[in-house]
Amino acid sequence: MRRVLISFLMVAAQALSAAGFDPARDVSLTVAGGALSLTLPENVHLKARSFKVALVSRGQLTCAPLPATSEIDDAGDPILRGTVRLALTGRNLEDPVRLLVTYQPCIEGEGGVCYLPTKRTVAAAAAEIPVAP
C-alpha cells in the first residue's frame, strides 16, 4: 500500500513539475544578514515537521527554531507560508559555510499535492553568520 501511495505522489509531483512548479527551482533559499531565508511562491506551503537544517562544512552552527504556527494542513501537520527566516549563529565556521536544508513544499488548491522532501545545499560566506556568544 505504501509503495502505491509513494508512486502516486511521485507521478502527481512530476505532473505538477511539468505544469511549472519545481521544488528546487521555485523555492528561494538564501543566507544573508545572519539568517537563512526560505521563500515560497503563492499557493505553496511548507510542512513544518519536514524542515531541517544541517551544517555540512566544519564548525558549529545554531539555527533558531521555526516560528510558531497555528495553521495545519489536511493531514494535521503544521504549515508555514511566505518567507521563513531563521537567525543563525556559529563558531569556528569553515569558509564557505555549507548548509543542507530539507523542506517539503505542498501545492494548495484543487489537484494540490505534497512533494517528497527536497534537499538542497546552500553556501554562504562565514562572515554572513554572526559568532555565537
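Here, each number is a calculation from the coordinates, and none is a lab measurement. The structure presented is a predicted model; accordingly, all values stated were derived computationally and were not measured. Cβ coordinates were reconstructed from backbone atoms using ideal geometry, including for glycine residues, and neighbour counts include every protein chain displayed.
One entry in [x] 47, 28, 27; [y] 44, 38, 28; [z] 38, 26, 24 is Cα extents along the principal axes in Å calculated from the shown coordinates; its label is [x].
Between 0 and 90 degrees, the angle of helix 2-19 with respect to the longest Cα principal axis of the chain falls at about 80 degrees.
Of all segments of the chain bounded by trypsin sites (Lys or Arg not before Pro) found in a DSSP loop with no more than 13 other C-beta atoms within 10 Å, the longest spans 59-133. Note on Glu108 and Glu71: their simple-model spin labels are 0.4 nm apart, each label 7 Å out from Cα toward Cβ. Taken along the Cα-to-beta-carbon direction at a fixed 7 Å, the label points for Leu100 and Ala126 span 2.1 nm.
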